[in-house]
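Encoded as structure tokens, the structure appears first; notes follow it.
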Amino acid sequence: MPKPDFGFAFAPNRALDLSAPLLPEVQVVLETEPSIRACMACGQCAAVCTAGAFTPLAFYRLVLQLRGGDVAAVGERARHCMLCGKCQMTCPRGVNIRNAVLLMAALAPPKP
Amino acid sequence: MTPLLWKDYQKEVPDNHYFFVRSCIRQTFFPGAEAALLDILRNSLGLDVFEDRRHTTCTGIAYHCDLVPLETIMTVIARQLSLMTEAGYRHLLVSCVTSFGIYLEMLDMWQHHPEMLEQTREALWKSTRRSFELPVALVHTSDLVYHLRKPIADRSPHRLVDKSTQRALRVVDHVGCHYAKIFPAGGFGGAEFPSVLSGLAETFGGEMVDYPERRHCCGFGFRHYLLQENRGYSLSNSRIKFESMEAFAPDLILTNCPGCNMFLDRWQYTLAEMSGKTYDREGKGIPVLSHEELAALMLGRDPWTLGLQMHQVQLEPLLDKIGIVYQARQKYSMLAGAASLPGEPSVLKVSFQ
Amino acid sequence: MNASEYLPKDEVAIIGGGPAGMQTALALSERGFSVRIYEQKEQLGGHLKGWHHLFPHGVAASDLLGQLKEQVLARAVPLHLGQSVDRLQKVGAGWVLWQGERPLGRAGVVVLANGFALFDARRKEEYGYGLYPSVLTAADLEAVFRKEQPWPFGSDRMAPQVGFVHCVGSRDLKCGSPHCSKLCCVTAVKQAMAVKSLFPEAQVYCFYMDLRMHGLEYEELYRKAQVDYGVRFIRGRLSEAAPGQGKRLHVKAEDTLQGRPLHLQLDMLVLMSGMVPAFLLEQQERAVFLKEPVFGSGFVPVQGLLAAGSVVQQEGLFASGACKGPATLPEVFADAAAVAREVEQYLKSLKAVAHA
Amino acid sequence: MASLLSQLKDDIRFSEGLSACMNCGICTAVCPAAAYFDYDPRRICQLVQTGDEQDLENLLKGEEIWMCGQCLSCKARCPRGNVPGYLIQALRKLSQQSGHFIHSREGRKQIRLKRRIGHSILETGYCVHPQMVEPETHPEQGPVWVWALEQGADLYRRCGSNYYGEGEGGLRKMAPGVLDELEAIFEETGGLRFWEAIERGAEELKLNTEP
């Protein structure tokens, strides 16, 4: 019998799989700038972010996404940062956000 | 009083005298299951189970599609209860798990909001001149089969054991979400570890296998399955279950909900067509049975009168393991004589002996 | 009737020989009162006996317990070990202590110091405690640290995946425990760090809703766990644990900060079972029963804002330590001093009445 | 006109479904819809909890509320006794009653569902029955279903079913008067008025799509 056209398709489970080991490039970022680990997702960086008002940039979210392994998206979003440094002044955990963002931005494939 | 552990919770189930209400889905896809259940209860066990031909759908499927207001479904339920009252019964036996959840929910609402019960009585009287009493016991058919598992097993010539190797058959269960997730006290074992199917399989000598997505929904999703373009939801959630049970190599999937029984059967075919994959080793799919179908097979009922030819995943590999003798030629023959054979899927293996 | 006639030789009976009981006994003994300790177990120490090391500085639990016991011994506080008081009978201004039908002793004042119980993790059914061997409670993990229990994964796993679940049987109406147990957050951080110390390659996750680092240096511990130990904190309550591949567990949660469901295979899941009441006071005329608490029952209530330990509606009955609600050891010790002062005032007022 | 929030509060499933969500995510973790869609019941609870009228209106006009599969797995787990699945029922009802449902692709599908499942109830007494499950629109039912429908009464009666016949048993034709009683209940309890609201939406769509 020919395969029928079902009119719908299956999709993979959307849940993040944390069992997957961290990507090597993610590990490099975390080791180069260990202060990233101190992030407690309080959101102060996003609250003061100038670029975040107009773009999907929110540093604490980048940290969360980074571990999830979606490096292309992290890199892309990190490039919205204008390096004004307000977030770094406000971060209660002293994360070196400037350097972290630069490392993250380098994860995106170079623009043609 | 020791704190309640739901896992050990035993629901109270009356021994006899039931008013029976059917399931739209079971009647549609597994007509032999309900017939076999009534046959077992009435003829093998001599119980009094009454059916009133005037009962209707509970409208639960439409309710969960958000097409029927709460007041409406409450009054439809009240009408069913009025038939039960009129026939002199107080124990309600429900075939469908969605329906069972609906009855539990309405009784719960009436208990906590007595004014709603009064409104319902009034609405039913105005619209149909009927009145009703509340049931003293609300029992799903799987509850009753579980409750009667020992007398059934005593009468059974078969066991859930591979006849040639004496290996206990590996059973995974899938309990319908609305059986006990909404009201844990409504089901044996509560919400997390319902024992209603595992206890039944073990009584017949099967080995229960726990698996990661045991409590994940089959994915019916009401409006999702009922709209063709939305069915990917249903399929994908069942697939999560199949993927998770595959490593445990089950011989049988046991269900108590008519919808789940249908989905876990049909989606194996659909997934095989779409992805080329089956979740057993031989490409025949994992057989799926509901509690009544299992009980009827164990009691030696004829598989084709039971309607097992209406399953897409064939049951013969399981019947052969158990050692159930069947007339292969009878499978697709009808009252009027030999009928045509079903078509053959392109991936899922079926055989027409 | 003269109240002083009913003041027995021992002025104060302390029920419970854990940190609260011992410290309260010491404080009262130092103030010159005669004190006895009734402990249902054969040894002093309560839950502290089972602990390996203590937050925030990692002091060995046995060292602290040793010091406490030494002081109790030095002050020669009479100990009634293996004696479980289940009923207090009011006679005059004093109390008779009963174990079943047997009177154990009498006292002018009784101080309840019988602590807390750990939430029975089996009641949070979806986590499979008691069903899956790799699901432990925080107390079980301490026993593992003390080498009284084996690790739930094989020695071949040098990089185990380990999850800690905060708020098990705390902040959970479904389990009849609406309160926050407040110690579990920092305990999880302490234990997560200990696991990372023993298995540097381990991946350790803490599933939390809020991190309530209320004590001095707790917040610093949290930061240390993140930066120095690489413990990952995921904001989301674990929804279920199920058998996974091999001996592993399959767990589900939501990363609520990302708004994404997640799943994970673990070699060990540690449930931070909260503190729940160890007993229920059932007050009847002239008698108080210490009963097994039923589902959802509360801690010992004390009266007024100023009272540290005066039990509601029971003259001469006091409560000290974690039987009144979740408390850390420093809080228990501070509370013992406050309760001792209150007991002293009460006894002095009794004597004043008797002399008048 | 009453605020959306007060209309929601009139639905008992709202008060049963939401009281002080603590944002723990246990519902999303177990939700089959969250495993498939970009959908988060926790977020919906938070949104409704804040009670902002504009947010509510957006919710009623949007796609998200139609993602829930009504398995109610969330009810079993919530540590605060909330039921996101009930909340969704209340939101969907309000979306249809207020006419907002026609603004979303998924909401508009309620028209089809009403004409199919809803009408089936009053026409046959069943939500679904075999002849509704046409192989053309149900290819997933497989070749066995094509065969079963071809056999029809022969096969069903062999399995003990009455298959659209008079009298008792499975799939029987409803006895005289039964459908009238059902319709009277729908009339009395607002079921038919609710369907009229859905049809008003359909009407509006037709007007809107005219050139």
At a probe radius of 1.4 Å, what is the per-residue accessible area of B:LYS277, in Å² to the nearest 10?
70
Taking C:LYS49 as the anchor, which lysines have their alpha carbon closer than 20 Å to its alpha carbon, excluding any fewer than eight residues away along the same chain?
C:LYS41, C:LYS69, C:LYS147, C:LYS190
Over 26 Å between Cα atoms: which of B:LYS11/C:LYS247; A:LYS3/B:LYS284; D:LYS9/D:LYS75; A:LYS3/B:LYS349; B:LYS241/C:LYS182; B:LYS241/C:LYS124 fall into that group?
B:LYS11/C:LYS247; B:LYS241/C:LYS182
Percent breakdown of C-alpha pair distances by 10 Å bin, ordered from the shortest bin, for the protein assembly as shown:
2, 10, 17, 20, 18, 15, 11, 5, 2, 0, 0, 0
Give me the percent of DSSP beta bridges within the range C:157-313 that run antiparallel, rounded to the nearest 5.
55
Give me the accessible area buried between chains B and A, both sides summed, with a 1.4 Å probe, in Å² rounded to the nearest 100.
1300
Result for chain A: accessible area per residue, probe 1.4 angstrom, in square angstrom, of 52
How much accessible area per residue does chain B have, counting only protein heavy atoms and a probe of 1.4 Å, in square angstrom?
31
Taking the Cα centroid of the range B:277-317 and of the range A:23-48, what is the distance between the two, rounded to the nearest whole Å?
54
Accessible area (Å², per residue) of the range D:1-76, counting only protein heavy atoms and a probe of 1.4 Å:
35
How would B:TRP304, C:TRP151 rank on accessible area, largest to smallest, probe 1.4 Å?
C:TRP151, B:TRP304
Expected field for D:LYS173, accessible surface area in Å² at 1.4 Å probe radius, rounded to 10, holds 110
Report which residues of the range C:106-152 become buried by 20 Å² or more of accessible surface when going from the isolated chain to the complete set of protein chains (1.4 Å probe; DNA, RNA and ligands ignored).
C:ARG122, C:ARG123, C:GLU125, C:GLU126, C:LEU131, C:TYR132
Given a Förster distance of 22 angstrom, what is the FRET efficiency for D:ARG108 paired with D:THR137, based on the Cβ-Cβ distance and rounded to 0.05?
0.75
Taking the square root of 5λ for each eigenvalue of the C-alpha gyration tensor of the range B:155-335, the equivalent ellipsoid has semi-axes, largest first and in whole angstrom, of 25, 21, 16
With every protein chain kept in place and a 1.4 Å probe, the residues C:TYR229, B:TYR332 fall, from largest accessible area down, as C:TYR229, B:TYR332
Am I reading the B/C interface right? What is its buried accessible area, both sides, 1.4 Å probe, to the nearest 100 Å²?
1500
Roughly what angle does helix D:178-188 make with the longest principal axis of chain D, taking Cα atoms, 0 to 90 degrees, to the nearest 10?
20
Please compute the net charge surrounding C:VAL162, taking Lys and Arg as +1 and Asp and Glu as -1 over other residues with Cβ under 12 Å from its Cβ.
+2
Give me the percent of DSSP beta bridges within the protein assembly as shown that run antiparallel, rounded to the nearest 5.
45
13 Å beta-carbon shell around C:HIS52, net charge (K/R +1, D/E -1)
0
Peptide D:133-141 - average C-beta neighbours from other chains (10 Å radius):
6
Using a 1.4 angstrom probe on the protein heavy atoms only, line up B:HIS17, C:HIS166, C:HIS47 by accessible area, largest first.
B:HIS17, C:HIS47, C:HIS166
Mean separation of Cα pairs under 8 Å and 6+ residues apart, divided by the residue count of chain C: what relative contact order is that in percent?
20
Whenever you get a sec, compute what percent of the accessible area on the protein assembly as shown sits on carbon and sulfur atoms (1.4 Å probe).
52
Return the sequence-ordered ³J(HN,Hα) values of the range B:62-71 in whole Hz as given by the Karplus equation 6.51 cos²θ - 1.76 cosθ + 1.60 applied to θ = phi - 60°, using x for Gly and Pro.
5, 4, 6, 8, 6, 10, 10, x, 4, 4
In the protein assembly as shown, with Lys and Arg counted as +1 and Asp and Glu as -1 at Cβ, which of these residues, B:MET245, B:GLN327, D:GLN89, has the Cα nearest the positive end of the dipole, that is, farthest along it?
B:MET245
May I ask for the angle, rounded to the nearest 10°, between helix C:184-198 and the longest principal axis of chain C, with both axes built from Cα atoms and the value confined to 0 to 90°?
50
The relative contact order of chain B, taking Cα pairs under 8 Å that sit 6 or more residues apart, comes to a percentage of 19
Buried area at the B-D interface (accessible, heavy atoms, 1.4 Å probe, summed, Å²):
7500
Quick one: Karplus J couplings for the range B:255-261, per residue in order, coefficients 6.51, -1.76, 1.60, θ = phi - 60°, nearest Hz, x for Gly and Pro?
10, 10, 9, x, x, 4, 4
Return the residues of the range D:57-85 for which accessible area with all protein chains present is lower than in the chain on its own by 20 Å² or more; set the probe to 1.4 Å and exclude ligands, DNA and RNA.
D:TRP66, D:GLY69, D:GLN70, D:CYS71, D:LEU72, D:SER73, D:LYS75, D:ALA76, D:ARG77, D:PRO79, D:ARG80
Excluding A:LEU57 itself, what net charge comes from residues whose Cβ is under 11 Å from its Cβ, given Lys and Arg +1 and Asp and Glu -1?
+2
Would you jot down the residues in the range A:33-57 that end up with at least 50 Å² less accessible area in the complete protein assembly than in the chain alone, with a 1.4 Å probe?
A:ARG37
Counting only DSSP loop positions in the range B:103-142, the trypsin sites (Lys or Arg not before Pro) whose Cβ has at most 14 other Cβ atoms within 10 Å are B:ARG129
Surface accessible to a 1.4 Å probe, A:ARG67 within the full protein complex, Å²
50
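The values are calculated or read from the model by the stated rules, or taken from the named source; none is laboratory data. Keep in mind that what you see is a predicted model, and the values were worked out from it rather than measured. So basically every Cβ, Gly included, is an ideal-geometry build from the backbone, and we count neighbours across all protein chains shown. Keep in mind that these areas ignore ligands, DNA and RNA; they rest on the heavy atoms of the full protein, side chains included. Shrake-Rupley method; radii C 1.70, N 1.55, O 1.52, S 1.80 Å.
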